[in-house]
Amino acid sequence: MRNKKGVNQFVIIFLIILFGFGYGQNVRAEGLETHNNSEIKKVNPEGKKLEIGKLIIEHITDAYDWHILSMGKHHVTVPLPVILYDQGHWVTFWSSEFHHHTVYKGYTIAEKGINQGKIVRIDKAGNLVRPQLDISITRTIAALMVNSLLVVILLLSVAKSYRRRKGMAPKGLQSAFEPLIIFVRDEIALSSIGEKNYERYTPYLLTLFFFIFFNNLLGIIPFFPWGVSVNGNIAITGVMAAFTFVITTFIGNKHYWKDIFNTPGVPWWLKLPFPLLPLVEVVGIFTKPIVLMIRLFANMISGHTVIMGFVALIFIFGKISMGLGYGVSVVSIGFSVFLDFIEILVAFIQAYVFVLLTALYFGMAIEVPEHH
């Protein structure tokens, strides 16, 4: 019993050190290491006050390379391919070219304005112009590929285990995934869509659930090749919400559309001459996926922002006094690790809410009213 308790304590201490070191490296990577004057000048050569908020925003937004860690003045970065279509031809190069050249092949990364952080072309008049098409592999896309590959490998392994051990008790990964699969099937798909149609939409709901859940979990790990909040990118959540919107629209039966444009039991003056209620229902068709998109995006980006804010406090106070910085670090890292465990719970809750609402929309679209 004592050995088990000791092991648990060791695991907790190890996780605190692990996440604390990881987030410390992440903040150092953004140039918040304020003890070294040369580093301050490097990040802020004019000697102005460091803009912590701006640096945190730069950390949680997308980038054209993948920064791993900093060792003094040296930065370990994985370059990513830049793929542009502009002025009638394709332009490709590695993002590391921007480390050696401020402007490369006429392109640079905008430092301010509406295109801040984006690749722009400098035209003959000196104006910054966005290329016609930018399909570069950014940090979010690279993390999306890594995470998706991992999820596919795990789920294929579980599927193979199901085929090999048909009728037998689950084992290994199968025993870990089966409760989640049954939960999505019975508590979400069956209860929201109905016994008659739930099996048709369960594969899509399972795909959504595991995609969101694993991206949320892997975004918490502050080490390469993870640590990127994929669902903290509104384009990713927007695509998932768009799929839900398209499927809901196409599977909607006549009762679904009738309830929208001619809701039974509603007074005629709410339908004619000004179709107030139908207008509200039509707007609701579009607001439902928008809510799905924004809810997941906002929840995932806010957690990372708060954690980075706590870690940044170490370097803010460290600039005043090294001893004060070390003192604040204990509290900041403690809160950061605590929030990490909260984010594990949030990762599951957000996947559950997104899939539950999707299932409810499907259920409403194919529901047939009972006539007594």
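Matching residues to (1) at pLDDT below 80; (2) farther than 20 Å from MET364 by Cβ:
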position: ASN253; (1), (2): no, no
position: TYR256; (1), (2): no, no
position: PHE261; (1), (2): yes, no
position: VAL283; (1), (2): no, no
position: ILE301; (1), (2): no, yes
position: ILE314; (1), (2): yes, yes
Restricting attention to region 293-300, does a residue exist that is under 30 Å from LEU205 (Cβ atoms), assigned to a helix (DSSP H, G or I) and small (Gly, Ala, Ser)? yes
Is it the case that GLY117 is outside the structural domain of ILE236 (by TED's automatic domain parsing), outside any helix (DSSP H, G or I) and in contact with an Asp or Glu (Cβ under 9 Å, 6 or more places away or on another chain)? yes
For the condition assigned by TED's automatic domain parsing to the domain that holds VAL228 and in contact with a Phe, Trp or Tyr (Cβ under 7 Å, 6 or more places away or on another chain), what is the one hit in PHE362, PHE354, PHE338, PHE317? PHE362
Filter region 221-242 for residues that are more than 22 Å from TRP66 (Cβ to Cβ) and in contact with a Leu (Cβ under 8 Å, 6 or more places away or on another chain); which is surrounded by the most Cβ atoms within 10 Å (Cβ to Cβ)? ALA241
If you check TYR204 against the conditions, is it crowded, with 16+ Cβ neighbours inside 10 Å, of a type outside the set (Lys, Arg) and over 22 Å from the mean Cα position of the chain (by Cα)? no
Could you tell me how many of the residues in region 65-114 are of a type outside the set (A, V, I, L, M, F, W, C), over 22 Å from the mean Cα position of the chain (by Cα) and not in a loop (DSSP other than H, G, I, E, B)? 13
Tell me, yes or no, whether region 317-328 has at least one residue that is on the phi < 0 side of the Ramachandran plot, of a type in the set (Phe, Trp, Tyr), part of a helix (DSSP H, G or I) and at pLDDT 80 or above. no
Has region 321-328 got at least one residue that is under 25 Å from PRO203 (Cα atoms), surrounded by fewer than 18 Cβ atoms within 10 Å (Cβ to Cβ) and among the aliphatic types (A, V, I, L, M)? no
Tell me, which residue of region 161-200 that is of a type in the set (A, V, I, L, M) and at pLDDT 90 or above is surrounded by the fewest Cβ atoms within 10 Å (Cβ to Cβ)? ILE182
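The values are calculated or read from the model by the stated rules, or taken from the named source; none is laboratory data. Small disclaimer: the values here were computed from a predicted structure and weren't measured. A quick note on method: Cβ atoms are made from the backbone with ideal geometry, for glycine too, and the neighbour counts reach across all protein chains shown.
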